[in-house]
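Down below is the structure, laid out as structure tokens.
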Amino acid sequence: MSVSTKLSHLDVESLNLDPMNPRLGRHRMAKETSQDQLLKWMFEWKLDELAASYLESGGFWSHEPLIVVEEPLYRKRCSLVVVEGNRRLAALKVLQNASKGDAPSRKWASMVEDFEIPNGLFDQVPYVLADSRFDVQAFLGFRHVTGIKQWDADEKAGFITQLIDESKMTYEQVARKIGSTAPAVRRHYVAYQLLLQIENVVADFPTEKAEHRFTVLYDALQKQGTQQYLGVDSNADPKAAKSPVKKGKHGRLAHFSRWLYGTKKTPPLVTDT
């Protein structure tokens with residue numbers, strides 16, 4: 001893995017949040033999304049807890065530097081984009097804004113009033129540089145799919161799908177890369193493809209609920225009865241799994257979707273796992 005062993009430091013303004021971060025959800029992931037908009041979305045990630053920790057512990061944790069790649073962004077040929085540590089960077093950015101008098105809430109204003117800003121907090125952010133996103137994939141997989149700081153189920157499945165579809169990897173290759181098993185990778189991939197198919201096929205599907213209820217879909221799909229009802233092959237290879245439910249059973253797929261997700265006007269029949 002081509003990731004530098006040299007620890008570097010840079011100011012907050014020179015580091016960009018990642019508009020392709022899997023945690024954003026696929027409906028928000030877009031290369032052109034502005035940094036301000038990303039920060040608004042990431043504000044939902046309990047950034048105040050991290051910010052308070054920075055202030056109480058005397059700064060950013062050098063033993064957990066950000067991982068950065070150089071990529072084109074916003075029509076610039078080369079920008080520094082954080083591919084690991086976006087929540088930490090977002091917390092720094094909001095805290096810096098608060099220190100300049102632009103606090104998003106009274107809680108943030110109180111933090112900068114009650115604590116002294118540690119020296120170098122905003123202009124000496126530790127990071128290491130990677131050659132490309134591909135070089136960081138194994139680390140992200142171990143950390144967020146099978147590791148101690150795991151993403152939500154839909155985020156894991158989205159990351160796995162990205163490795164298979166964009167990097168053309170097999171289930172076995174992905175499993176080795178992220179420290180998982182091929183059957184577990186396959187289950188996540190098939191379930192994610194089913195979710196994408198539901199969104200494309202079911203007219204009244206409440207898209208805004210999709211990712212938050214992915215675990216319900218994932219668990220339901222592991223049941224033999226569900227597989228038989230929809231005609232889903234749980235052992236399908238990536239090519240076959242692109243359309244898990246054949247056209248003749250799209251009516252059943254619509255029923256299944258409404259049981260699990262409801263519609264834009266009616267609640268779901270199944271409320272949890």
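The values are calculated or read from the model by the stated rules, or taken from the named source; none is laboratory data. Every value quoted in this text rests on a predicted model; they were computed, and no experiment measured them. Here the Cβ is made from the backbone with ideal geometry for all residues, glycine too, and neighbour counts use every protein chain on show.
Residues in segment 191-205 that are surrounded by fewer than 19 Cβ atoms within 10 Å (Cβ to Cβ) and not in a helix (DSSP H, G or I): A203, D204. Checked against (1) over 19 Å from the mean Cα position of the chain (by Cα); (2) under 24 Å from E166 (Cα atoms), R23 meets all criteria but (1).
Looking at L55, is it in the same structural domain as V12 (by TED's automatic domain parsing) and in contact with a Ser or Thr (Cβ under 7 Å, 6 or more places away or on another chain)?
no
Somewhere in segment 175-185, is a residue among the hydroxyl-bearing types (S, T, Y), out of contact with any Pro (no Cβ under 7 Å at 6 or more places or on another chain), more than 29 Å from H250 (Cβ to Cβ) and surrounded by 19 or more Cβ atoms within 10 Å (Cβ to Cβ)? Looking for residues that are among the hydroxyl-bearing types (S, T, Y), out of contact with any Pro (no Cβ under 7 Å at 6 or more places or on another chain), more than 29 Å from H250 (Cβ to Cβ) and surrounded by 19 or more Cβ atoms within 10 Å (Cβ to Cβ), one finds at least one in segment 175-185, hence yes.
Output yes when any residue across segment 120-128 is surrounded by fewer than 19 Cβ atoms within 10 Å (Cβ to Cβ), modelled with pLDDT of 90 or more, under 17 Å from V69 (Cβ atoms) and not basic (K, R), and no when none is. Looking through segment 120-128, at least one residue is surrounded by fewer than 19 Cβ atoms within 10 Å (Cβ to Cβ), modelled with pLDDT of 90 or more, under 17 Å from V69 (Cβ atoms) and not basic (K, R). If only residues of segment 56-87 that are touching an Asp or Glu at 6+ places or on another chain (Cβ under 8 Å) and either assigned to a helix (DSSP H, G or I) or more than 21 Å from L24 (Cβ to Cβ) (or both) are counted, the one that is modelled with the highest pLDDT is N86. If the condition is being of a type in the set (F, W, Y) and touching a helix residue (DSSP H, G or I) at 6+ places or on another chain (Cβ under 6 Å), then segment 42-58 contributes only W45. Scanning segment 153-179 for residues that are modelled with pLDDT under 80 and either over 20 Å from M29 (Cα atoms) or not in a helix (DSSP H, G or I) (or both) turns up R176, K177, I178, G179. So which residues in segment 260-273 are out of contact with any Gly (no Cβ under 8 Å at 6 or more places or on another chain) and either exposed (fewer than 13 other Cβ atoms within 10 Å of the Cβ) or of a type in the set (D, E, K, R) (or both), if there are any at all? Within segment 260-273, K264, K265, T266, P267, T271, D272, T273 meet the criteria.
Note on segment 223-248: residues that are free of Cβ contacts under 8 Å to residues at least 24 places away in the same chain, surrounded by fewer than 16 Cβ atoms within 10 Å (Cβ to Cβ) and not in a loop (DSSP other than H, G, I, E, B) total 6.
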